Amino acid sequence: MLAAAWTVSLGPLLVPLVSLALVGAVLVAVHHAEVVAHRVGEPFGTLILALAVTVIELGLIGSIMVSGGPAASTLARDTVFATVMIVLNGVVGLCLLAGAIRHHEITFRVEGAGHALSVLVPLTALTLVLPTFTITTPGPSYSGSQLAFAGVASLLLYGVFVFVQTVRHRDDFLPIETEPEETHAPAPTNAATLTSLALLMVSLVAVVGLAKKLAPGIEAGVRALSAPAAVVGIVIALLVLLPETWAALRAAVRNRMQTSLNLALGSALATIGLTIPAVATLSVVLGVPLKLGLPAMEIVLLTLTFLVATITLAGGRSTVLHGAVHLILFGVFLFLAVVP
């Protein structure tokens, strides 16, 4: 599909076909990432999935930034904010609710969730909140030096988190074993793992290429519906997080909530820690203005989300109540995005 659509303009017939191909490429990419993840084990597995989703998301953002348009300057901000809200309210809420419905009460490691939140909160404040209040430049944006500092700080924070997750305190992110060992599928062979790794790279190339062709159509569809420009970022975040949400939901249903949290929180951390420095570089190279600061309403929603997430994850066990609260907050976010 990518080869067929690369040199032609997308008409009414090709847009749905390219959209289906893009969704299929995302699903295939995450499937092969999951195969590799199963081979290398936790927490490396969820880290690979998070990085794969981040590469997909960055490809989508970069494609629309290159094409320009009215949403280009705020696209990174809207997508990162949408990712955080979808992960902390939608994905976590859905996993908590599904797991609690099936198992009555679900448990996870407080240490791993605490490590992730302790990095996610300052990362989000640095990249999405502080630009609204800085005075060096007008508007919700950083100056060149401020943007460079924020990019380096984001990379350092994410790098330290990965070190803690995979080396220094790896045990804090390992799942609490609640399943009989025989229920786990056998690990893939080295040959199957290398094959999946190669196909993962091919799938990511397909995702980025198809997204580049589809980017103008996404913006045109949002304008046709008279929806706010921020909806473009929500569409992108929902698209790339859908397969990861499915993987996290399956883990929660199997009473492996720690794996679900590793997937969800790791994705949010990778999105900010890697996407913001990358789009900042693109902004400088392409000369596209980059607005990162959130408006007041979004800052209130973000603060409320972190407060509720901290309360939910502080006890190490959750019930249907926690899942329902997060899902209702997710509904509030979606409603106010369309009807601000």
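Keeping to the stretch 128-146, report how many residues are of a type outside the set (S, T, N, Q) and assigned to a loop (DSSP other than H, G, I, E, B).
Adding up the residues that qualify gives 5.
Scan Ala116, Ala100, Ala82, Ala125 and give me the residue that is under 12 Å from the mean Cα position of the chain (by Cα), modelled with pLDDT of 85 or more and either among the hydrophobic types (A, V, I, L, M, F, W, C) or not in a helix (DSSP H, G or I) (or both). Spell out how you get there, then give the answer.
Working: Ala116 fails: under 12 Å from the mean Cα position of the chain (by Cα); Ala100 fails: under 12 Å from the mean Cα position of the chain (by Cα); Ala125 fails: under 12 Å from the mean Cα position of the chain (by Cα).
Ala82 is the lone residue from the list that is under 12 Å from the mean Cα position of the chain (by Cα), modelled with pLDDT of 85 or more and either among the hydrophobic types (A, V, I, L, M, F, W, C) or not in a helix (DSSP H, G or I) (or both).
Here is a check on your reading of the model: is Pro216 part of a helix (DSSP H, G or I), at pLDDT below 80 and over 18 Å from the mean Cα position of the chain (by Cα)?
yes
Kindly evaluate Gly114 against the criterion of being more than 21 Å from Gly293 (Cβ to Cβ) and surrounded by fewer than 16 Cβ atoms within 10 Å (Cβ to Cβ).
On the way: more than 21 Å from Gly293 (Cβ to Cβ): yes; surrounded by fewer than 16 Cβ atoms within 10 Å (Cβ to Cβ): yes.
So Gly114 passes the test.
I'd like the residue in the stretch 219-240 that is part of a helix (DSSP H, G or I), of a type outside the set (A, V, I, L, M, F, W, C) and in contact (Cβ under 8 Å) with a residue 60 or more places away in the chain and, out of all such residues, is nearest to Arg77 (Cα to Cα). Spell out how you get there, then give the answer.
Narrowing the stretch 219-240 to residues part of a helix (DSSP H, G or I): 219-224, 230-240.
Those left that are additionally of a type outside the set (A, V, I, L, M, F, W, C): 219, 221, 223, 233.
Next cut, in contact (Cβ under 8 Å) with a residue 60 or more places away in the chain only: 219, 233.
On the way: Glu219: 16, Gly233: 8 Å.
Only one residue fits best here, namely Gly233.
Find all pairs meeting these conditions: Cβ atoms under 7 angstrom apart; at least six residues apart or on different chains; first residue within the stretch 312-340 and more than 18 Å from Ser260 (Cα to Cα); second residue assigned to a loop (DSSP other than H, G, I, E, B).
From the stretch 312-340, the pairs are Ala337/Pro228; Val338/Ala227; Pro340/Pro228.
From the set of residues in the stretch 76-106 that are more than 21 Å from Thr305 (Cβ to Cβ) and not β-branched (Val, Ile, Thr), which is surrounded by the fewest Cβ atoms within 10 Å (Cβ to Cβ)? Break it down into steps so the answer makes sense when it comes.
In the first step, residues of the stretch 76-106 are kept if they are more than 21 Å from Thr305 (Cβ to Cβ); the result is 101-105.
Adding the requirement that they be not β-branched (Val, Ile, Thr) leaves 102-105.
Details: Arg102: 12, His103: 15, His104: 9, Glu105: 11.
It comes out as His104.
Within the stretch 276-297, identify whether any single residue is more than 22 Å from His115 (Cα to Cα), in contact with a Phe, Trp or Tyr (Cβ under 7 Å, 6 or more places away or on another chain) and modelled with pLDDT of 85 or more, and answer yes or no. Give the derivation first.
Within the stretch 276-297, the subset more than 22 Å from His115 (Cα to Cα) is 278-297.
Keeping just the survivors that are in contact with a Phe, Trp or Tyr (Cβ under 7 Å, 6 or more places away or on another chain) gives 292, 294.
In the following step, the residues that additionally are modelled with pLDDT of 85 or more were identified as 292, 294.
Checked the stretch 276-297: at least one residue is more than 22 Å from His115 (Cα to Cα), in contact with a Phe, Trp or Tyr (Cβ under 7 Å, 6 or more places away or on another chain) and modelled with pLDDT of 85 or more.
Can you find, within the stretch 269-311, the residue that is surrounded by the most Cβ atoms within 10 Å (Cβ to Cβ) among those that are more than 22 Å from Ser73 (Cα to Cα) and within 20 Å of the chain's Cα centre (by Cα)?
Ranking the candidates gives Ala309 first.
Within the bounds of the stretch 33-46, is there any residue that is modelled with pLDDT of 80 or more and among the aliphatic types (A, V, I, L, M)?
yes
Test each condition in (1) of a type in the set (Lys, Arg); (2) in contact with a helix residue (DSSP H, G or I) (Cβ under 7 Å, 6 or more places away or on another chain); (3) modelled with pLDDT under 80 for Arg223 and report the one that comes out false.
Unmet condition: (2).
For Asn262, which of the numbered conditions (1) out of contact with any helix residue (DSSP H, G or I) (no Cβ under 6 Å at 6 or more places or on another chain); (2) assigned to a helix (DSSP H, G or I) fails to hold?
Condition not satisfied by Asn262: (1).
The values are calculated or read from the model by the stated rules, or taken from the named source; none is laboratory data. Nothing here was measured: the structure is a model prediction, and the numbers come from that model. Cβ atoms come from the backbone with ideal geometry, glycine included; neighbour counts cover every protein chain shown.
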